[in-house]
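Following: one structure in structure tokens, then a few remarks.
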Amino acid sequence: MNLRDTYRHKGLRRQLVETIRKKGIQDEAVLLAIESLPRHFFLEKAFEEWAYEDKAFPIGNEQTISQPYTVAYQTSLLEIQKRDKVLEIGTGSAYQASILAVLGARVYTLERHEELYLKAKKLLRFLKIDSVRCFHRDGYKGLPEHAPFQKILVTAAAAEIPQTLLQQLDINGKLVIPVGKNTQKMLRITRTGEKKFEREEFDNFRFVPFLKGLN
Ligand code: SAH
């Protein structure tokens, strides 16, 4: 692991934040979190050069670390408040989970690939990010023993909205999820009552698919 954060890295991060800002992200707390968290800690040393491009990047097991713009976009939609209990589906590199932690959330993150789960857990322990808890679970089932959540974030493409996740939302809680086959529409569902949900639609994105079961 490469855990040095140099002036050069910090400079590249500032440029990345400006790029994301120009693309339309206005949430200053989110931009500050991206500026403060070294994204190169979440990639292999050999790919360090790529860490501050606004691009998704392979992290093994056919998975990717999300594009910084996408992380910023989804995080802004969540409107994180300090101490929010947040469920993330798709730990991947744990970069998104760590951004949520920087914003003061208590994060529970689920990953179906055992290898990625183990790697994420080790990295977070190393970085002393202790407000993120990792689970090797199928995200379709959510995490009933820790529900309800004030926020739920899905970071893989879903064909439809999983009902189990809606049931694990707190009243006034928000679910942010990309839904669709080839391209996905970003949706935000707010639970306004025990059986009442409101739906908002945002831009289109491309995510790796949300898969069933564990491996
Ligand atoms: N949030 C990640 C990027 C996620 S890519 C980051 O910041 O790096 C999507 C992730 O979702 C992949 O790691 C994939 O293995 C995981 N995934 C796909 N289907 C899943 C499921 N049913 N349950 C849990 N994780 C799943």
Check your understanding: Using alpha carbons only, how many degrees (0 to 90, rounded to 10) separate the axis of helix 68-78 from the longest principal axis of the chain?
Key -> 40 degrees
Practice item. Show the residues, 5+ positions off or on another chain, whose built amide H is closer than 5 Å to the amide H of Gly173. Key: Arg191
Practice item. Could you work out the local net charge near Glu115, counting Lys and Arg as +1, Asp and Glu as -1, over the other residues with Cβ closer than 15 Å to its Cβ? Key: +1
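So if we plug the beta-carbon distance of Glu62 and Ile171 into 1/(1 + (r/R0)^6) with R0 = 41 Å, what FRET efficiency do we get, rounded to 0.05?
Details: r = 37 Å, r/R0 = 0.91.
Result of the calculation: an efficiency of 0.65.
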Practice item. Once you have the Cα-Cα distance between Thr164 and Arg21, take 0.36 nm times their residue separation minus that, and quote the gain in nm to one decimal. Key: 48.0 nm
Practice item. Find how many whole Å separate the alpha carbon centroid of region 171-215 from the alpha carbon centroid of region 20-66. Key: 22 Å
Exercise for review: Report ³J(HN,Hα) in whole Hz for each residue of region 199-209, in order, from the Karplus equation J = 6.51 cos²θ - 1.76 cosθ + 1.60 where θ = phi - 60°; Gly and Pro get x.
Suggested key: 10, 10, 10, 10, 6, 8, 9, 10, 10, 6, x
**Study point:** Using alpha-carbon coordinates, inclination of helix 7-22 to the longest axis of the chain, degrees
**Key:** 40 degrees
Point to revise | FRET efficiency, Ala46 to Arg83 (Cβ-Cβ, R0 35 Å, nearest 0.05) | key: 0.40
Point to revise | Contact order relative to length of the chain, as percent, for alpha carbon pairs under 8 angstrom and 6 or more apart | key: 15 percent
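So if I place +1 on the C-beta of Lys and Arg and -1 on the C-beta of Asp and Glu, and nothing else carries charge, what would the dipole magnitude of region 55-205 be about its Cα centre? I want it in debye, nearest 20.
Details: 23 positive and 17 negative charges, 72 e Å.
Magnitude of the dipole: close to 340 debye.
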Check your understanding: When DSSP assigns beta bridges and you keep just the ones with both residues in the chain, what percent turn out antiparallel, to the nearest 5?
Key -> 45 percent
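Where a number appears in this text, it was derived from the coordinates with a stated rule and is not lab data. Note that the coordinates shown come from a computational prediction; the quantities given were computed from them, not determined experimentally. Virtual Cβ from ideal backbone geometry, glycine too; neighbours counted across all protein chains shown.
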